[in-house]
Amino acid sequence: MAELDTLYVTNPTTDDFTVNFNGEPYMIGAGEKKAFPEFLGFHVAKHLSDKIIREKILKIRKKTTENPYRPEVAQLQVYDNPTRRIALYDILQDKTLVERCVNAFPMKEFIGEIAEYDEYVSKKEAKEEKAEVTPTKAK
C-alpha cells in the first residue's frame, strides 16, 4: 500500500470515539465504518483498541473487590497480546491489517497465546463465510 492508500476502520463499540492526530480531532461514530488514510487509520485503530481493552478490564474488575487499576491494564496496552489483536481485528476486520497495525507501533514483545487470537479470527471468518452463502430451496 502506498502512503496515502485508505483502509476502513469500524467502531465496534456503542460509543462515539474521537482521537486527535496532529492536533486535529477525528471522530468515528458508534458502529460506524469509516475510511481513513492508512497512517491515520492505524492511529485511530490503535487508540480505539486501547479504549476497548481498558473497558474490558474495568468491566471484569468491577465484578471483584480488587482494585480495578491493576498492572494488567498497563500491560495489555504496552505489550502485543491476544486481547489487543482481537480488538484490532474487530476494528480493522482483516488479519493482515492487524499485523501491519501492530508493527506500526512500538509495542513490546508478544505475551499470551497467539492461538487465542487465531481461534477468534477463524470463528469470525467462518461465521462471515456462512452468512455469505445463501441457501437455496430445493424444488
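The values are calculated or read from the model by the stated rules, or taken from the named source; none is laboratory data. Bear in mind the structure is a predicted one, so any value in this text is a computation, not a measurement. Quick reminder, even Gly has a Cβ in these numbers, built from the backbone with ideal geometry, and neighbours come from all protein chains shown.
Go through the residues of segment 80-92 one by one and say whether even a single one is at pLDDT below 70, buried (at least 17 other Cβ atoms within 10 Å of the Cβ), part of a helix (DSSP H, G or I) and of a type in the set (S, T, N, Q). Within segment 80-92 (the criterion being at pLDDT below 70, buried (at least 17 other Cβ atoms within 10 Å of the Cβ), part of a helix (DSSP H, G or I) and of a type in the set (S, T, N, Q)), the answer is no, since none of the residues qualifies.
Take L7 and decide whether it is in contact (Cβ under 8 Å) with a residue 40 or more places away in the chain, assigned to a strand (DSSP E or B) and of a type in the set (A, V, I, L, M).
Details: in contact (Cβ under 8 Å) with a residue 40 or more places away in the chain: yes; assigned to a strand (DSSP E or B): yes; of a type in the set (A, V, I, L, M): yes.
Taking the combined requirement at face value, the residue satisfies it.
Tell me which residues, restricted to segment 15-49, are of a type in the set (S, T, N, Q), more than 14 Å from the chain's Cα centre (by Cα) and not in a strand (DSSP E or B). Selection gives N22 alone.
Looking only at residues that are of a type in the set (A, V, I, L, M) and part of a helix (DSSP H, G or I) in segment 117-139, which one is modelled with the lowest pLDDT? It comes out as A131.
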